[in-house]
Amino acid sequence: MALHFFRWTVLGLVGLATAMTVGCTRWIDVMPSSTSRQETAAQSITNDDRVPFVIDTFRLLQNGASQNPSFEVERRILNSVQETRLFSTLVPLGGNVSSLGDKVVNARITMDETINPHSGEAAWKGFVIGPSMFLLSPIIELNYDYAAQASLELERWDGQVKHYEARSSGTARYNLFGATPIMIAELKGHVTEACLNQLMNQLVQDTKLYMASSTPLPGSTVRAVTVKAPKPVATPAALSIIPSSTASVP
């Protein structure tokens with residue numbers, strides 16, 4: 001009798017451990033993927049033709065509600081612009097512009113984030129999983145959706161205005177114990193990068209629009225740099241395991 005009970009206890013513990021381990025899996029889908037973009041031909045531009053890029057206004061929205069400006073998001077946008085090597089200087093919001101000269105490109109940026117953690121659905125599925133002693137956790141999938149829309153309005157020194165817009169979205173699919181802050185950060189990072197890649201591709205196509213002049217200055221040494229869009233970063237498709245002891249739903 002005791003041996004029979006011991007066997008069932010061992011089998012139950014093994015089954016529970018397997019369910020909790022498999023239940024830690026997660027994967028991320030991004031649309032469009034940061035790797036599925038059109039290649040933009042590199043263009044050469046002289047240093048004398050590069051002008052400063054100044055952030056004039058920066059708005060951050062989350063589910064339609066205004067948020068305080070995020071230094072992290074602003075820095076990520078500036079890094080994406082820097083990778084194109086189109087502009088000579090990048091000035092963040094509120095930076096000193098007194099010594100930049102007359103030819104400056106002013107940028108007005110809006111970043112709109114949409115977050116949907118499917119809280120009601122997650123609560124109901126968690127209620128279903130609970131009575132099964134977590135045995136159903138490997139087969140019940142939970143979702144966390146995130147979308148980013150970036151709008152970039154550039155005004156040249158002569159008053160001409162050009163508008164760019166890009167959007168990307170993604171879904172983190174996970175089992176019960178796979179929901180962690182790391183997963184959410186990865187999802188937001190991949191979606192934001194895909195969105196900014198689209199935006200920079202559009203910007204680079206208008207390289208000539210932001211050149212200070214079309215001919216080099218006479219008698220000067222001309223140095224040129226290559227204007228290019230940032231390289232894409234692949235979205236991981238493989239499953240990963242998160243220890244259940246660190247699991248927490250944001």
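Numerical summary
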read-out: T171, sole failed condition from (1) more than 20 Å from the chain's Cα centre (by Cα); (2) surrounded by 15 or more Cβ atoms within 10 Å (Cβ to Cβ); (3) modelled with pLDDT under 90; value: (1)
read-out: Number of positions in the stretch 91-147 that are in contact with a helix residue (DSSP H, G or I) (Cβ under 8 Å, 6 or more places away or on another chain), over 23 Å from L61 (Cα atoms) and either at pLDDT 85 or above or among the aliphatic types (A, V, I, L, M) (or both); value: 7
read-out: Selection count, the stretch 73-103, where residues are surrounded by 12 or more Cβ atoms within 10 Å (Cβ to Cβ) and of a type in the set (D, E); value: 2
read-out: Residue pairs meeting the criteria (Cβ under 7 Å; at least 6 apart or on separate chains; first of a type in the set (A, V, I, L, M, F, W, C), in the stretch 149-160; second not in a strand (DSSP E or B)); value: A150/C195; A150/L196; A150/L199; L152/L199; W157/D102; W157/K103; W157/V104
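The values are calculated or read from the model by the stated rules, or taken from the named source; none is laboratory data. None of these values were measured; they are calculated from a predicted model. Note that we place each Cβ from the backbone using ideal geometry, even for glycine, and neighbour counts take in every protein chain shown.
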